[in-house]
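Contents: one structure, followed by commentary.
Taken together, the values in this text are just the output of simple stated rules run on the coordinates, not laboratory data. Keep in mind it's a predicted model, so treat the numbers as computed, not measured. For neighbour counting, all protein chains shown are included, and Cβ atoms are generated from backbone atoms with ideal geometry for every residue, glycine included.
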Amino acid sequence: MAPLRIASIPGDGIGPEVVSATIQVLQQLSKTLGTFEIDFTHVPWGTDYYKKNGRYIPDDALTTLRQFDAVLFGAVGAPDVPDHVSLWGLLLAIRGPLQLYANVRPVRTFPGTKSPLDTAKKGIDWMLVRENSEGEYSGQGGRSHVGQQWEAATEVAMFTRVGIERIIRFAFETAQSRPKKQLTVVTKSNSMRNGMVLWDEIAASVAKEFPDVTWDKMLVDAMTVRMVMKPQSLDTIVGTNLHMDILSDLAAALAGSIGIAPSSNLDPTRKNPSMFEPVHGSAFDITGKGIANPVGTFWSAAEMLSWLGEKDASNKLLVCIEEVCAAGFVTADLGGSCNTQQVVDAVCAEIQKLG
Ligand code: ATP
Ligand code: MG
């Protein structure tokens, strides 16, 4: 049995804490189930690396990553480096060139979490699909007359037909694979009359390939209201890089905590390794205290196993995590009193019961 080869990039802040917690859990899962082997290679990129080398990743970073089946990522960002420097230095420097164009974020109300929504008692079960390679975050634009009163800055959202088509098709396929077969396409095509209108046109044309999927479109502002007021009316949701960045934080908060939210950065063509990471960031306010919630990274690892073909192991891991949360072994962000290691130990004990 060839082991799954995983590059782990713990990064900054609580990244190393949640990644090391996840490695322990995956090793236990592999040991107990015996259906897959997994091999981790530590990759030391992050802000310490940047301070020593003047850059976040080396020249041959992409060649290095292409040797692996997948990447498990923690977080990047530090209080003494501007966020746009660390983000573009590491995360966006990997996502773009590896063409990890689909950012997938499952959002579900989880046992042991409290949602701010009453209606969520019935449960939220969404699949958010974020365009991850272009749009508002394509880095296009510039500044002129710097420092002067008439200084101007442009931030150009660049959309391509190829880029839009592939993410919309991926979203329809995702919706088709889920029981409700329902997709909502989010744009802002009333006030943005170029890229957003192209999104609407392409959505309507790709929809014809999926007659069994019910779909509708929403303006992003109205969508925030619908997520709060009618959460059960939604299933799969797709939108641009910026819109889904914002909506997925809202979604994570509505489901209970950013500490449990997972994300996958996928190359659906499978030419490059995909990257899996919790939605939360480096959280320096709790770094080093050993209290970070590792569940978002566990869940991301379950998504990774599923992507790599280990669906049974992935489902079993998710069940174990849910059991542990339901039994109240949760960290302070979910109102519990466990530290990170206690959650790891509880999940490992649950996994051992599978043996
Ligand atoms: P970054 O700049 O990397 O995005 P951040 O600190 O600005 O990091 P988050 O890491 O998303 O943003 O944290 C937002 C808040 O949520 C912080 O107060 C943090 O302590 C809390 N938080 C985030 N992740 C977790 C976690 N895994 N467990 C517990 N609390 C968390
Ligand atoms: Mg931040």
Would you grab the residues whose amide H sits under 5 Å from the one on residue 38? Only those 5+ places off in sequence or on another chain, please, with H modelled 1.01 Å from N.
4
Expected vector for region 23-32, Karplus 3J(HN,Hα) from phi with 6.51, -1.76, 1.60 and θ = phi - 60°, integer Hz, x for Gly and Pro, equals 4, 4, 5, 5, 5, 5, 4, 4, 5, 6
Taking the Cα centre of region 216-256 as origin, sum charge times position over the Cβ atoms of Lys and Arg (+1) and Asp and Glu (-1), and report the length of that vector in debye to the nearest 20.
120
Listed residue (296, 97, 215) projecting farthest to the positive dipole end of the chain, Cβ model:
215
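Tell me, 150, 199, 215 in order of fewest to most beta-carbon neighbours within 10 Å? Walk me through the intermediate numbers first.
Values: 150 6, 199 28, 215 20.
By the 10 Å Cβ count, ascending, the order reads 150, 215, 199.
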With the charge dipole of region 114-256 built from beta-carbon charges (+1 for Lys and Arg, -1 for Asp and Glu) about the Cα centre, the Cα from 142, 127, 192 projecting farthest to the positive end belongs to 127
Could you sort 246-255, 166-175 so that the peptide with the highest average Cβ count within 10 Å comes first and the rest follow in order?
166-175, 246-255
Rounded to the nearest 20 Debye, what is the dipole magnitude of region 44-148 about its Cα centre when Lys and Arg each give +1 and Asp and Glu each give -1 at the C-beta?
300
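Indicate the gyration tensor shape class of region 210-288 (rounded, prolate or oblate), computed on the Cα atoms with a ≥ b ≥ c the square roots of the eigenvalues: a/c under 1.5 is rounded; otherwise a/b larger than b/c is prolate and the rest oblate.
On the way: a/c = 2.35, a/b = 1.22, b/c = 1.94.
Cα axes put region 210-288 in the oblate bin.
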Based on alpha-carbon centroids, what's the gap between region 43-61 and region 149-197 in Å, whole number please?
32
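When the helix-only estimate is applied to the chain (DSSP H runs of n ≥ 4, each -39,500 (n - 2.57), divided by the residue count), what is the mean residue ellipticity at 222 nm, nearest 500 deg cm²/dmol?
My calculation for the chain gives -11500 deg cm²/dmol from helical runs alone.
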In whole Hz, with x marking every Gly and Pro, tabulate ³J(HN,Hα) for region 179-187 from phi via Karplus 6.51 cos²θ - 1.76 cosθ + 1.60, θ = phi - 60°.
x, 7, 6, 9, 10, 10, 9, 9, 9
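Which percent, nearest 5, of DSSP beta bridges in the chain are antiparallel? All intermediate terms of the calculation are to be shown ahead of the outcome.
Details: 20 of 46 bridges.
Around 45 percent antiparallel, to the nearest 5.
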Charges at C-beta only: +1 for Lys and Arg, -1 for Asp and Glu. How large is the resulting dipole of the chain about its Cα centre, in Debye rounded to 20?
560
Given charges at Cβ of Lys, Arg, Asp, Glu: the chain dipole, positive-most of 179, 248, 317:
179
